Amino acid sequence: MTDTRGPQPQYEGYATGPLPGEREPAPGPSGPYHPPQAYQTPGGGTQGGQQRPGQGGDTLGGVQATRKPRTGARTTPRTRKARLRVAKADPWSVMKVSFLLSIALGICTVVAAAILWMVMDAMGVFSTVGGTISEATGSNESNGFDLQSFLSLPRVLIFTSVIAVIDVVLATALATLGAFIYNLSAGFVGGVELTLAEDE
């Protein structure tokens, strides 16, 4: 077959000119490359991720545009809870704490007894009850039982102090023994579980 179209003009771009890799760069200041855009940028906007109208400090119609937070969605604080387990109680720390608490309780007992005695003495309870008891137990030879001398303030304070000391010893020993028993029982059942919640 023969070509009937006749002679075709040759493309002179690559035939006579240099190849694309051999071309010299175009003269002029070099700058960042901006790809072509399908739509024109509005008058107040810029390219390259810069600020646009309505964002940041731009103004629209002479009034500065600011973003307002959403008012429809409300965020309610959630209370966090943690479930913990008391696996072991240190007997030494339990003994120290129980010792201090029992001493404070003993001091409160002595002070409360002294205040109660003074209040009852001011109301005349000892004199009235003591007179009744002395008349009931008295005879011609003796005046009977003297309640006021038996329940005097020094005797009451000494008796209360002895009770407070016994309470300190017993409370400390029982608390320490309770810590040992708790550790033994916690080894079998796992201990006491506590649920702690964060304060709102």
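Tabulated values for the structure
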{"quantity": "Neighbour-limited loop hits for trypsin sites (Lys or Arg not before Pro), the range 88-180 (at most 13 other Cβ within 10 Å; DSSP other than H, G, I, E, B)", "calculated": "LYS88"}
{"quantity": "In order through the range 102-107: 3J(HN,Hα) via Karplus (6.51 cos²θ - 1.76 cosθ + 1.60), integer Hz, x for Gly, Pro", "calculated": "5, 5, 4, 5, x, 5"}
{"quantity": "Per-residue HN-Hα couplings for the range 120-134 [Karplus 6.51, -1.76, 1.60; θ = phi - 60°; Hz; x = Gly/Pro]", "calculated": "5, 5, 5, 7, x, 5, 5, 5, 5, 5, x, x, 5, 5, 5"}
{"quantity": "Per-selection Kirkwood Rh - the range 99-188 (Cα, Å, 1 d.p.)", "calculated": "16.1 Å"}
{"quantity": "Other-chain or far-sequence residues with amide H under 5 Å of VAL192's (modelled H)", "calculated": "VAL86"}
{"quantity": "Candidates per GluC sites (Glu not before Pro) in the range 106-199, loop by DSSP, up to 16 other Cβ within 10 Å", "calculated": "GLU141, GLU198"}
{"quantity": "Solvent-accessible area of LEU174 with every protein chain in place, 1.4 Å probe, in Å² to the nearest 10", "calculated": "120 Å²"}
{"quantity": "Ranking by accessible area, most exposed first, for MET118, MET95, MET123 with a 1.4 Å probe", "calculated": "MET123, MET118, MET95"}
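The values are calculated or read from the model by the stated rules, or taken from the named source; none is laboratory data. Keep in mind it's a predicted model, so treat the numbers as computed, not measured. Neighbour counts run over all protein chains shown; Cβ positions are idealised from the backbone, glycine included. Keep in mind that these areas ignore ligands, DNA and RNA; they rest on the heavy atoms of the full protein, side chains included. Shrake-Rupley method; radii C 1.70, N 1.55, O 1.52, S 1.80 Å.
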